[in-house]
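Before any comments, here is the structure.
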Amino acid sequence: MKNLILLLFLPLLSIGQDNSQITYYGKDFFRLEGTVIPDSLKENRYDRLPFSYKNIVRKPVWDLSKSSA
């Protein structure tokens with residue numbers, strides 16, 4: 001009986017949602033902190049080192065620079 005009441009009540013919650021006030025933001029809206037290198041010098045927007053450093057730094061350092069976390 002409780003499950004039936006819950007099952008009938010759940011659709012009422014979705015009716016009250018107003019999607020017209022939801023605003024979506026893309027990746028270009030947010031500023032990345034911790035990188036001062038222009039995006040044009042990197043392979044990816046989230047890289048921490050410029051692409052020209054790939055042959056200069058050790059492989060473990062380069063692999064860490066690819067991590068966005």
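In this structure, is Lys2 basic (Lys, Arg) and in contact with a Leu (Cβ under 9 Å, 6 or more places away or on another chain)? Even if it seems obvious, please write down each step before you answer.
Numbers: basic (Lys, Arg): yes; in contact with a Leu (Cβ under 9 Å, 6 or more places away or on another chain): no.
Against the criterion (basic (Lys, Arg) and in contact with a Leu (Cβ under 9 Å, 6 or more places away or on another chain)), Lys2 does not qualify.
Going by what's in this entry, would Ser40 be described as free of Cβ contacts under 8 Å to residues at least 40 places away in the same chain, within 30 Å of Ala69 (Cβ to Cβ), not in a loop (DSSP other than H, G, I, E, B) and not β-branched (Val, Ile, Thr)?
The answer is yes for Ser40.
Tell me which residues, restricted to the range 36-69, are basic (Lys, Arg), surrounded by 10 or more Cβ atoms within 10 Å (Cβ to Cβ) and out of contact with any helix residue (DSSP H, G or I) (no Cβ under 9 Å at 6 or more places or on another chain).
Lys66
Scan the range 43-69 for residues that are farther than 16 Å from Lys27 by Cβ and either part of a helix (DSSP H, G or I) or among the hydroxyl-bearing types (Ser, Thr, Tyr) (or both) and jot them down.
Those that are farther than 16 Å from Lys27 by Cβ and either part of a helix (DSSP H, G or I) or among the hydroxyl-bearing types (Ser, Thr, Tyr) (or both): Phe51, Ser52, Tyr53, Lys59, Pro60, Val61, Trp62, Asp63, Leu64, Ser65, Ser67.
Residue-by-condition table, conditions (1) of a type outside the set (D, E, K, R); (2) more than 17 Å from the chain's Cα centre (by Cα):
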residue	(1), (2)
Asn3	yes, yes
Thr23	yes, no
Phe29	yes, no
Ile56	yes, yes
Asp63	no, yes
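Every read-out reported here was derived from the displayed coordinates using simple, explicitly stated rules and does not represent laboratory data. In this text, all values refer to a predicted model and were calculated from it rather than measured experimentally. Every residue, glycine among them, receives a Cβ derived from its backbone with ideal geometry; neighbour counts consider all protein chains shown.
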